[in-house]
Structures are given as structure tokens and as C-alpha cells.
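Written out below as C-alpha cells is the structure these notes cover.
Read-outs throughout are calculated quantities, based only on the coordinates presented, and are distinct from any laboratory measurement. Computed from a prediction, not measured in an experiment: that's the story for all the values here. Neighbour counts are summed over all protein chains in view; Cβ atoms, including those assigned to glycine, are modelled from backbone coordinates with ideal geometry.
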């Protein structure tokens, strides 16, 4: 039996992938980033734009995104109750990737739906 060609995966590449997933992983980080990308800058605007997120989870995830230098938290010196979140320069390139991920997710969902319909049509009914 012929042996297939095997390519060794670079350790640094694997670590970079794991680091990326750690930074953006979880249920809420991508929706939060997407919300900010769509123009929601204030805490309540972000919270209202994401169905199902709790105040506690939003607060925790915003802090983690800030710690990872993807967003900045800006407090208005004249009105300390006005706090806005913005992308850092480092994170702006990530916005395009999110849009690509959304497109891929929609296409993938349609593929799965279509495939499930085909499977149901082939299944004999007894």
C-alpha cells in the first residue's frame, strides 16, 4: 500500500493558532468584536446589540479584550459616566477577518441544510 505524503506542522504555527483561539475564543468575544466593528462603542449599546449576553459576561469579556490589546477603554474626562470602547490599531485588521468568518458561516450553514435535505430525500420511508 502506498504511503501518503506527510507534512510536519510547524510548532510555532500551532502555537500561533492556539494563541489566536485563546484570545478570540468563547461564546461572546466574536459577537462583541463584531458589535464594536459595527459602530457600537458604549457598553449599553454593545450589550443591547448582542442577544442573550449578560452584563457580567460583557464586562468580563471586554476586560479580556482590553488586556489582549484588541480594544481600548476610553473614559470622557468631563463626563466620567461616558465610557467608549474602540479597536486598537493592532485589531483593526481583524475586522475584515470577522466579515469573512460571517460569510463562511452562512455558506457552511446553507451547505449543511442542503446536504440534510438530500439525505432525507434518499432515506426510504417505511
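The figures follow:
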{"read-out": "Criterion: free of Cβ contacts under 8 Å to residues at least 24 places away in the same chain and under 13 Å from the mean Cα position of the chain (by Cα) - qualifying residue of 39, 95, 52, 25", "value": "25"}
{"read-out": "Residue within the stretch 60-73 that is without any contact (Cβ under 8 Å) to a residue 12 or more places away in the chain and outside any helix (DSSP H, G or I) present", "value": "no"}
